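K.L.:
If you scroll down you'll find the structure; I have some questions about it.
The values are calculated or read from the model by the stated rules, or taken from the named source; none is laboratory data. Because the structure is a prediction, the values reported are computed rather than measured. All Cβ positions, glycine included, derive from the backbone under ideal geometry; neighbour counts span all protein chains shown. Protein only, heavy atoms only, side chains kept; ligands, DNA and RNA dropped before computing areas. Shrake-Rupley method; radii C 1.70, N 1.55, O 1.52, S 1.80 Å.
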Amino acid sequence: EDKVVQSPLSLVVHEGDTVTLNCSYEVTNFRSLLWYKQEKKAPTFLFMLTSSGIEKKSGRLSSILDKKELFSILNITATQTGDSAIYLCAVEYGGSQGNLIFGKGTKLSVKP
Amino acid sequence: NAGVTQTPKFQVLKTGQSMTLQCAQDMNHEYMSWYRQDPGMGLRLIHYSVGAGITDQGEVPNGYNVSRSTTEDFPLRLLSAAPSQTSVYFCASSYAGTAFSSYEQYFGPGTRLTVT
């Protein structure tokens, strides 16, 4: 059965902390892995990863993929209260573009 | 650009009623999809389309129909609503590409559906 598992499911930190969110997957014919941030509305795209070992970076957020061990991590450094959100990991898989399976998300709360 | 638009924002149906959730995008995206999001379940793919005239099933297609007659529109039809279909529905779109090209998926604002 194809699946994406995120951990932890929830996390509470204080401003300035660094956090690491995990996403592991088991799918047939992996194509790409995507990270999204969801606040009180629709998800917004963060990163798309297709190659192992190449870090993608955007400001204080970075992500890397390990296709051998079948996981990805999302790092957030110097967290701010505005980082509070649900972070979703999704894996695109199968013979053609477009079939995505999401994890259940990690709810991050950043306290002042 | 309006981006991805969804109507209605809220809807209450009685069991057995039918309705269509509308989704439109003005970015000339080939790929469009429908998700449902339930508490503790994350997003689950219902149906998707990689271009006009082409649709395919996702993880949870039962009880839903789609069609893609134009690039811009991708309506989701509930033929006979059931309480299990109470959820928040998101439509999304992006450019089509291979796994080796970067593409960003844009989400609509969502439709909150309650079936009583």
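K.L.:
Filter segment A:20-50 down to residues that are over 12 Å from the mean Cα position of the chain (by Cα) and among the aliphatic types (A, V, I, L, M) and give me whichever is modelled with the highest pLDDT.
P.N.:
Per the stated criteria, the residue is A:Val27.
K.L.:
For residues that are surrounded by fewer than 20 Cβ atoms within 10 Å (Cβ to Cβ), modelled with pLDDT under 90 and of a type outside the set (A, V, I, L, M), tally how many sit in segment B:59-102.
P.N.:
7
K.L.:
Now for a separate question. I'd like the residue in segment B:40-58 that is within 20 Å of A:Gly95 (Cβ to Cβ) and surrounded by fewer than 16 Cβ atoms within 10 Å (Cβ to Cβ) and, out of all such residues, is farthest from the other protein chains (Cβ to nearest Cβ).
P.N.:
Step by step, filter segment B:40-58, then rank; the result is B:Gly53.
K.L.:
Against the condition modelled with pLDDT of 95 or more and open to solvent by 60 Å² or more (accessible area, probe 1.4 Å), how does A:Glu1 come out, does it pass?
P.N.:
Taking the combined requirement at face value, the residue does not satisfy it.
K.L.:
All but one of (1) touching a residue at least 40 places away in the same chain (Cβ under 8 Å); (2) open to solvent by less than 10 Å² (accessible area, probe 1.4 Å); (3) under 20 Å from B:Gly110 (Cα atoms) hold for A:Leu33, so report the exception by its number.
P.N.:
Condition not satisfied by A:Leu33: (3).
K.L.:
Among the numbered criteria (1) open to solvent by 40 Å² or more (accessible area, probe 1.4 Å); (2) of a type in the set (S, T, N, Q); (3) within 14 Å of chain B (Cβ to nearest Cβ), which one does A:Asn99 miss?
P.N.:
For A:Asn99, the failing item is (1).
K.L.:
Within segment B:6-57, count every residue that is in contact with a Pro (Cβ under 8 Å, 6 or more places away or on another chain) and over 21 Å from A:Trp35 (Cβ atoms).
P.N.:
Final tally of qualifying residues: 9.
K.L.:
Let me ask something else. Please enumerate the residues belonging to segment B:1-19 that are of a type outside the set (Phe, Trp, Tyr), part of a strand (DSSP E or B) and open to solvent by 40 Å² or more (accessible area, probe 1.4 Å).
P.N.:
Selection gives B:Thr5, B:Thr7, B:Gln11, B:Val12.
K.L.:
Also: Filter segment A:60-96 down to residues that are more than 14 Å from chain B (Cβ to nearest Cβ) and among the β-branched types (Val, Ile, Thr) and give me whichever is nearest to A:Glu1 (Cα to Cα).
P.N.:
Out of the qualifying residues, it is A:Ile73.
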